[in-house]
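**Student:** Mind having a look at this structure? Questions to follow.
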Amino acid sequence: MADDGHLSQSTQDTLDTLRDAVAAVNPADPEVDTLRTSALTSLDAVAQARADRALDAGYRVPGFLYLAMWICTVLLLFSVVLSGVQVTKRTVVTTALLGAIVGVVIRAIYNLDEPFSGGNVVPKEAFELALSRYQHTT
């Protein structure tokens with residue numbers, strides 16, 4: 001998702017093959033039928049989660065809004081000078097702090113705009129640690 005921006009077709013084929021294999025099981029035992037139904041329900045949940053993730057990756061902040069944010073930032077930072085206020089050390093420090101805050105907010109918006117490749121990515125090690133702890137408890 002981070003590189004291509006869309007779902008992998010090979011992963012979809014694997015999921016379809018797995019679903020077909022589970023659906024092909026014809027159990028005579030009611031307990032096996034319950035497990036088969038549970039597995040099919042879980043596979044449907046995985047497919048729905050993949051589709052939701054693809055939709056989430058497709059939502060973007062329009063480019064003109066980024067342009068508007070940068071223009072407003074420049075106007076905001078130069079408003080002190082353009083309004084005729086005497087430029088002193090205090091106004092420069094205040095404007096610099098305001099610029100830093102606005103810059104951090106724009107960076108946060110950019111990171112939130114790219115949910116699978118921006119700065120808010122959960123590393124693979126975190127998933128592996130959670131998986132190992134889960135396997136240890138069961």
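**Student:** Keeping every protein chain present and rolling a 1.4 Å probe, give me the accessible area per residue for the stretch 26-138 in Å².
**Tutor:** 77
**Student:** Still on this model: Give me the percent of accessible area attributable to carbon and sulfur for the chain, probe 1.4 angstrom. The partial results should precede the final answer.
**Tutor:** On the way: 6860 of 10540 Å².
C and S atoms contribute 65 percent here.
**Student:** If DNA, RNA and ligands are ignored and the probe is 1.4 Å, what is the ranking of 134, 66, 110 by accessible area, most exposed first? Before the final figure, lay out each step's value.
**Tutor:** Numbers: 134 145, 66 45, 110 90 Å².
Per-residue accessible area, sorted high to low, gives 134, 110, 66.
**Student:** Something else: Using label points projected 7 Å from each Cα along Cα→Cβ, tell me how many nm separate residue 11 and residue 45, to one decimal.
**Tutor:** Between residue 11 and residue 45, the label points sit 1.8 nm apart.
**Student:** What list of ³J(HN,Hα) values in whole Hz, one per residue of the stretch 65-81 in order, does the Karplus curve 6.51 cos²θ - 1.76 cosθ + 1.60 (θ = phi - 60°) give from phi, with Gly and Pro shown as x?
**Tutor:** Using θ = phi - 60°, the values come out as 6, 4, 4, 5, 4, 5, 5, 5, 5, 4, 4, 5, 6, 8, 5, 5, 6 Hz.
**Student:** Hey, what number do you get for the chain at 222 nm if only DSSP H runs of n ≥ 4 count, each worth -39500 (n - 2.57), divided across all residues, to the nearest 500?
**Tutor:** After summing the helix terms and dividing by the residues of the chain, the value is -26000 deg cm²/dmol.
**Student:** May I pose another question? Once the Cα atoms of the chain are picked out, what are the Rg and Dmax in Å?
**Tutor:** Here Rg and the maximum Cα pair distance are 25.5, 88 Å.
The values are calculated or read from the model by the stated rules, or taken from the named source; none is laboratory data. Given the structure is predicted, the values throughout are model-derived calculations rather than measurements. Glycine also receives a Cβ, built like all others from the backbone with ideal geometry; neighbour counts cover every protein chain displayed. What goes into the accessible areas is simple: the full protein's heavy atoms, side chains included, and nothing from ligands, DNA or RNA. Shrake-Rupley method; radii C 1.70, N 1.55, O 1.52, S 1.80 Å.
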